[in-house]
Amino acid sequence: RDSNRHVKVKQKSAVLNMLKRLDKIRFRGHKRDEFLDLAESPNASDTECGDEIPVKIPRTSTRDNEELRDPAGPGTIIMASGVQDFNRTESDRLNEIKGHLEIALLEKHFLQEELRKLREETNAETLRQELEKERQRRLELEQKVNEVLKARTEEVPAAQQPAKPQAQANGTDKRSHTVCSRLQKWFCDKFGEYVEDFRFQPEENTVETEEPLSARRLTENMRRLKRGAKPVTNFVKNLSALSDWYSIYTSAIAFIIYMNAVWHGWAIPMFLFLAILRLSLNYLIARGWRIQWSIVPEVSEPVEPPKEDLTVSEKFQLVLDVAQKAQNLFGKMADILEKIKNLFMWVQPEITQKLYFALWAAFIASCFLPYRIIGLAMGLYAGIKFFLIDFIFKRCPRLRAKYDTPYIIWKSLPTDPQLKERSNATVSRRLQTAASRSYVGSSAPTGVSKDEDTSRFHTTKRGNFHEVFNLSENERPLAVCENGWRCCLINRDRKMPTDYIRNGVLYVTENYLCFESSKSGSSKRNKVIKLTDITDIQKYKVLSVLPGSGMGIAVSTPSTQKPLVFGAMVHRDEAFETIFNQYMKITSASSSSES
């Protein structure tokens, strides 16, 4: 009986140890609160984890109580806390073990998901690059250590020379060796850093990070650019003021001083002295002195405080303003570079030929004449040109257009778009002349001039221009708008949607404003307005909600109650200037003829 009782106690104690290990597995890790409890496990049945079903505890007999006592002696109870576990049936214990296993599997699943997320979050490429950098550094350090060790090993054999025959000679060698080591150490301490600077290392490719687009950053950069360019613009204004004789006394004094310095060969010292004087004045201004060194009085512009929050329309308007300024600036720079390129590429041979002969003359003069005479001639010419000739040419534009050679050459140099337009014009002119010759040879009368013949055959997409708009044969589009401007005509007097807005092309002739509708149909859908009948013309904004100045032109006539609007024009400003100039030309000509 005692042996059976020992066996039962050992079996139950093994079950208790297994349960404790499962509890440890269940409650390990930092996400224990996220795991489902046994009672909340989705796979557990009602009989396994329901709290409402009571657990049947069998009654304990005297024999069982005796088995609970220690076999060494009666009256000693072991594992009092596990009485309730001993009294459970085998099925209850199996169910509990099943629940613990389910929780362990869930915990394993959650840990695998967490490990996968951590692997995704870590950037293996950056870690690999850092590892490569560390390897390179380690190799460089090993190289340096090996060099130092090699230098030391070379020094040791030199120090371990054979024993001298005399003690006095040995002492002198030791002293000389110590002196050499001290000198070498001093040299390394003083110049070792500079020697290391000349060590060749592989160049590191650094990529600058680009900032994201921000309205606040954009406005700040624009203001910084304006402030940074202010000294340069002030310098250019002062130079133009000297050339224009804005202040007569200042320009006269500057002219006399400059010509005297050039005549005596002091031009370069004079410019260096002016630079030193400018730096000295800047130092005094930085110290708080109020000094005005400007011929033209500076106009203080009001500084607008930066806005913290911009509306959508303000941001859009800001982007449009910046884009317009950048477009104009890039256009001017491109024109200058293209003109210089075309000057040296013999695009216009008659202009490049002048430069070619001038360079040959300068080369021959530099070979035979002394540099003092050449410098004197160039300095005198620059002073007279800057102070006198340019002043006269600016006041007399006709003289400048006739005799100012550098100005004439620069203005006559073409840009790439101008060359393209010229080539297209020549090709179209050749086609027109070929067509006119064939047409004249077949059916044209003998008394028709060449100008009338070429104007008659300007065509649109739907036919000849004068036939589409029922005009005379002399009417043809101006050179600016030979292809017309794409736009939409908004007639607010009409109520039908089909007549209210029409898409088409706008042309300007010498006497008419012609709109050709893009829809197929009769010529009644086209619109012809006589320029002399226009009572008012102005730029128009179709929707006031949108930012900017608009993309439309409003034209008022006596026959319409509300102005006709030509909207959605990409080249609105060019079209407006063309229409307005032609309108003023016609009205002035008609008024002069009436008077």
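The values are calculated or read from the model by the stated rules, or taken from the named source; none is laboratory data. The shown structure was predicted, so the numbers you read here are calculated from the model rather than taken from an experiment. Cβ: placed from backbone, ideal geometry, glycine included. Neighbour counts: every protein chain shown. The area values use the complete protein model at the heavy-atom level, side chains included, leaving out ligands, DNA and RNA. Shrake-Rupley method; radii C 1.70, N 1.55, O 1.52, S 1.80 Å.
Within region 345-361, is there a residue that is farther than 28 Å from residue 254 by Cβ, open to solvent by less than 50 Å² (accessible area, probe 1.4 Å), touching a residue at least 12 places away in the same chain (Cβ under 8 Å) and assigned by the TED database to the domain that holds residue 253?
Yes: region 345-361 contains one or more residues that are farther than 28 Å from residue 254 by Cβ, open to solvent by less than 50 Å² (accessible area, probe 1.4 Å), touching a residue at least 12 places away in the same chain (Cβ under 8 Å) and assigned by the TED database to the domain that holds residue 253.
Filter region 292-319 for residues that are open to solvent by less than 70 Å² (accessible area, probe 1.4 Å) and part of a helix (DSSP H, G or I); which is modelled with the lowest pLDDT?
The selected residue is 313.
Pairs needed: first member in region 124-144, under 13 Å from residue 202 (Cβ atoms); second member anywhere, outside any helix (DSSP H, G or I) and modelled with pLDDT under 85; C-beta distance under 9 Å; at least 6 residues apart or different chains.
Short answer, once both residue conditions are applied: 136/202; 140/201.
It is to be established whether one or more residues within region 254-275 are polar (S, T, N, Q) and either under 30 Å from residue 373 (Cβ atoms) or touching a helix residue (DSSP H, G or I) at 6+ places or on another chain (Cβ under 6 Å) (or both).
Yes, there is a match, as at least one residue in region 254-275 is polar (S, T, N, Q) and either under 30 Å from residue 373 (Cβ atoms) or touching a helix residue (DSSP H, G or I) at 6+ places or on another chain (Cβ under 6 Å) (or both).
Hey, can you tell me all the residues within region 208-247 that are part of a helix (DSSP H, G or I), open to solvent by 100 Å² or more (accessible area, probe 1.4 Å) and aliphatic (A, V, I, L, M)?
225, the sole residue that qualifies.
(1) open to solvent by 60 Å² or more (accessible area, probe 1.4 Å); (2) under 45 Å from the mean Cα position of the chain (by Cα); (3) at pLDDT 80 or above: which one isn't true of residue 196, the others all being true?
All conditions pass for residue 196, except number (3).
One residue is enough: does region 248-270 have a residue meeting the conditions open to solvent by 50 Å² or more (accessible area, probe 1.4 Å) and of a type in the set (Ser, Thr, Tyr)?
Yes, there is a match, as at least one residue in region 248-270 is open to solvent by 50 Å² or more (accessible area, probe 1.4 Å) and of a type in the set (Ser, Thr, Tyr).
Within region 336-345, identify whether any single residue is at pLDDT 90 or above, over 30 Å from residue 372 (Cβ atoms) and in a loop (DSSP other than H, G, I, E, B), and answer yes or no.
The answer is yes, given that some residue of region 336-345 is at pLDDT 90 or above, over 30 Å from residue 372 (Cβ atoms) and in a loop (DSSP other than H, G, I, E, B).
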